[in-house]
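Below: one structure, written as C-alpha coordinates.
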Amino acid sequence: MTMHIAVASDHAGFSLKAKVLEFLGGLGHTVEDLGTGDTAPVDYPDFAEAVAAAVLGGHVERAVLICGSGVGASVAANKFAGIRAGLCHDTYSAHQGVEHDHMNVLVLGARVIGEELAHELARAFVGATQSQEERHLRRLAKMDAMEAKCGRTLLKSSSTAK
(Lines give C-alpha, C1' and ligand atoms only; values in the text may rest on other atoms or scores of the structure.)
Protein backbone atom coordinates (compact mmCIF):
# COMPACT_ATOMS: atom_id res chain seq x y z
CA MET A 1 0.00 0.00 0.00
CA THR A 2 1.40 3.39 -0.95
CA MET A 3 0.61 6.55 0.93
CA HIS A 4 1.21 10.29 0.95
CA ILE A 5 3.87 11.12 3.54
CA ALA A 6 5.27 14.45 4.70
CA VAL A 7 8.89 14.72 5.83
CA ALA A 8 10.29 17.72 7.69
CA SER A 9 13.35 18.58 9.72
CA ASP A 10 15.24 21.32 11.41
CA HIS A 11 18.80 22.17 10.37
CA ALA A 12 20.30 19.24 12.32
CA GLY A 13 18.09 16.78 10.46
CA PHE A 14 18.40 18.36 7.01
CA SER A 15 20.86 15.84 5.54
CA LEU A 16 19.00 12.79 6.86
CA LYS A 17 15.68 14.28 5.68
CA ALA A 18 16.88 14.26 2.08
CA LYS A 19 17.84 10.60 2.37
CA VAL A 20 14.52 9.63 3.96
CA LEU A 21 12.58 11.51 1.27
CA GLU A 22 14.49 9.68 -1.45
CA PHE A 23 14.08 6.32 0.27
CA LEU A 24 10.31 6.66 0.78
CA GLY A 25 9.86 7.90 -2.78
CA GLY A 26 11.82 4.88 -3.98
CA LEU A 27 9.32 2.64 -2.19
CA GLY A 28 6.57 4.19 -4.32
CA HIS A 29 5.15 6.59 -1.75
CA THR A 30 4.24 10.17 -2.60
CA VAL A 31 6.45 12.34 -0.40
CA GLU A 32 6.16 15.99 0.46
CA ASP A 33 9.12 18.00 1.77
CA LEU A 34 7.93 20.45 4.42
CA GLY A 35 11.38 21.96 5.02
CA THR A 36 13.82 23.13 6.17
CA GLY A 37 15.65 23.91 2.96
CA ASP A 38 19.24 24.00 4.21
CA THR A 39 21.48 23.74 7.27
CA ALA A 40 20.96 27.31 8.48
CA PRO A 41 19.78 27.16 12.13
CA VAL A 42 15.99 27.08 12.52
CA ASP A 43 13.57 26.17 15.30
CA TYR A 44 12.24 22.59 15.31
CA PRO A 45 8.80 23.58 16.74
CA ASP A 46 8.04 25.34 13.44
CA PHE A 47 8.51 22.09 11.54
CA ALA A 48 6.59 20.07 14.12
CA GLU A 49 3.70 22.46 13.52
CA ALA A 50 4.02 22.08 9.74
CA VAL A 51 3.87 18.29 10.09
CA ALA A 52 0.90 18.50 12.49
CA ALA A 53 -0.99 20.78 10.10
CA ALA A 54 -0.38 18.41 7.19
CA VAL A 55 -1.49 15.31 9.10
CA LEU A 56 -4.45 16.88 10.89
CA GLY A 57 -5.57 18.67 7.74
CA GLY A 58 -5.67 15.37 5.87
CA HIS A 59 -3.05 16.49 3.33
CA VAL A 60 -0.88 13.49 4.21
CA GLU A 61 -1.56 10.16 5.88
CA ARG A 62 1.59 10.12 8.03
CA ALA A 63 4.76 12.11 8.54
CA VAL A 64 8.41 11.77 9.48
CA LEU A 65 9.94 14.54 11.58
CA ILE A 66 13.69 14.82 12.17
CA CYS A 67 15.82 16.93 14.49
CA GLY A 68 19.20 16.40 16.14
CA SER A 69 18.15 14.10 18.99
CA GLY A 70 14.49 13.68 18.06
CA VAL A 71 13.45 14.62 21.58
CA GLY A 72 12.53 18.26 20.98
CA ALA A 73 10.65 17.53 17.77
CA SER A 74 8.74 14.72 19.50
CA VAL A 75 7.74 16.94 22.42
CA ALA A 76 6.68 19.74 20.08
CA ALA A 77 4.65 17.52 17.75
CA ASN A 78 2.78 15.93 20.64
CA LYS A 79 1.47 19.35 21.69
CA PHE A 80 -1.14 19.06 18.93
CA ALA A 81 -4.32 17.15 19.71
CA GLY A 82 -4.62 14.24 17.34
CA ILE A 83 -0.90 13.92 16.74
CA ARG A 84 0.70 10.76 18.06
CA ALA A 85 4.40 11.26 17.50
CA GLY A 86 6.90 8.64 18.58
CA LEU A 87 10.67 8.92 18.77
CA CYS A 88 11.96 5.56 17.57
CA HIS A 89 15.40 4.01 17.43
CA ASP A 90 14.27 0.43 16.73
CA THR A 91 12.01 -1.12 14.12
CA TYR A 92 9.77 -2.86 16.65
CA SER A 93 8.70 0.47 18.16
CA ALA A 94 8.27 2.10 14.75
CA HIS A 95 5.92 -0.69 13.66
CA GLN A 96 4.15 -1.36 16.96
CA GLY A 97 3.66 2.37 17.57
CA VAL A 98 1.41 2.49 14.52
CA GLU A 99 -0.35 -0.80 15.29
CA HIS A 100 -1.17 -0.30 18.96
CA ASP A 101 -0.93 3.46 19.48
CA HIS A 102 -1.97 4.73 16.03
CA MET A 103 1.24 6.75 15.81
CA ASN A 104 0.98 9.10 12.84
CA VAL A 105 4.36 10.85 13.11
CA LEU A 106 7.67 9.02 13.25
CA VAL A 107 10.36 11.13 14.90
CA LEU A 108 14.04 10.47 14.24
CA GLY A 109 17.21 11.82 15.82
CA ALA A 110 19.70 12.54 13.04
CA ARG A 111 22.60 12.74 15.48
CA VAL A 112 21.58 9.44 17.09
CA ILE A 113 20.91 7.06 14.19
CA GLY A 114 22.48 6.48 10.80
CA GLU A 115 21.00 6.47 7.34
CA GLU A 116 20.41 2.72 7.08
CA LEU A 117 18.57 2.54 10.41
CA ALA A 118 16.51 5.58 9.39
CA HIS A 119 15.48 3.69 6.23
CA GLU A 120 14.49 0.59 8.21
CA LEU A 121 12.53 2.68 10.72
CA ALA A 122 10.70 4.50 7.92
CA ARG A 123 9.94 1.18 6.20
CA ALA A 124 8.55 -0.30 9.44
CA PHE A 125 6.49 2.86 10.11
CA VAL A 126 4.83 3.03 6.69
CA GLY A 127 4.37 -0.73 6.49
CA ALA A 128 2.34 -0.96 9.69
CA THR A 129 -1.43 -0.80 9.94
CA GLN A 130 -3.50 0.47 12.84
CA SER A 131 -5.02 -2.22 15.03
CA GLN A 132 -8.77 -2.12 15.53
CA GLU A 133 -8.66 -4.49 18.50
CA GLU A 134 -10.90 -3.37 21.37
CA ARG A 135 -8.04 -3.10 23.88
CA HIS A 136 -6.09 -0.73 21.63
CA LEU A 137 -9.13 1.37 20.77
CA ARG A 138 -10.01 1.60 24.48
CA ARG A 139 -6.53 2.93 25.28
CA LEU A 140 -6.68 5.41 22.41
CA ALA A 141 -10.04 6.69 23.66
CA LYS A 142 -8.46 7.24 27.06
CA MET A 143 -5.70 9.32 25.47
CA ASP A 144 -8.29 11.35 23.55
CA ALA A 145 -10.10 11.97 26.84
CA MET A 146 -6.84 13.09 28.44
CA GLU A 147 -6.26 15.58 25.62
CA ALA A 148 -9.79 16.94 26.04
CA LYS A 149 -9.38 17.17 29.81
CA CYS A 150 -6.19 19.18 29.36
CA GLY A 151 -7.97 21.58 27.03
CA ARG A 152 -6.17 20.60 23.86
CA THR A 153 -8.12 21.10 20.68
CA LEU A 154 -7.35 20.22 17.10
CA LEU A 155 -5.06 22.56 15.21
CA LYS A 156 -7.29 25.22 13.62
CA SER A 157 -4.85 26.88 11.22
CA SER A 158 -3.02 25.31 8.36
CA SER A 159 0.12 27.37 8.88
CA THR A 160 3.34 25.78 7.74
CA ALA A 161 6.97 26.54 8.34
CA LYS A 162 8.92 28.19 5.58
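The values are calculated or read from the model by the stated rules, or taken from the named source; none is laboratory data. Predicted model, so just to flag it, every value in this text is computed and none were measured. Positions of Cβ are backbone-derived with ideal geometry, glycine not excepted, and every protein chain shown enters the neighbour counts.
Key figures
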item	result
First in region 130-153 and more than 13 Å from Phe80 (Cα to Cα) and of a type in the set (A, V, I, L, M, F, W, C), second anywhere and modelled with pLDDT of 95 or more and surrounded by 11 or more Cβ atoms within 10 Å (Cβ to Cβ), Cβ under 7 Å, 6 or more apart	Leu140/His102
Count of residues meeting criterion [in contact (Cβ under 8 Å) with a residue 12 or more places away in the chain and out of contact with any Leu (no Cβ under 8 Å at 6 or more places or on another chain)] in region 2-22	10
Test result for Val75, farther than 21 Å from Leu27 by Cβ, without any contact (Cβ under 8 Å) to a residue 40 or more places away in the chain, touching a strand residue (DSSP E or B) at 6+ places or on another chain (Cβ under 8 Å) and surrounded by fewer than 18 Cβ atoms within 10 Å (Cβ to Cβ)	no
Residue list for region 116-141, restricted to those being among the hydrophobic types (A, V, I, L, M, F, W, C) and within 15 Å of the chain's Cα centre (by Cα)	Ala118, Leu121, Ala122, Ala124, Phe125, Val126, Ala128
Number of the exception - Cys150 against (1) of a type in the set (A, V, I, L, M, F, W, C); (2) in contact with a helix residue (DSSP H, G or I) (Cβ under 6 Å, 6 or more places away or on another chain); (3) at pLDDT below 95	(2)
Members of region 103-132 found to be of a type in the set (D, E, K, R), closer than 14 Å to Ser15 by Cα and out of contact with any strand residue (DSSP E or B) (no Cβ under 9 Å at 6 or more places or on another chain), listed by number	Glu115, Glu116
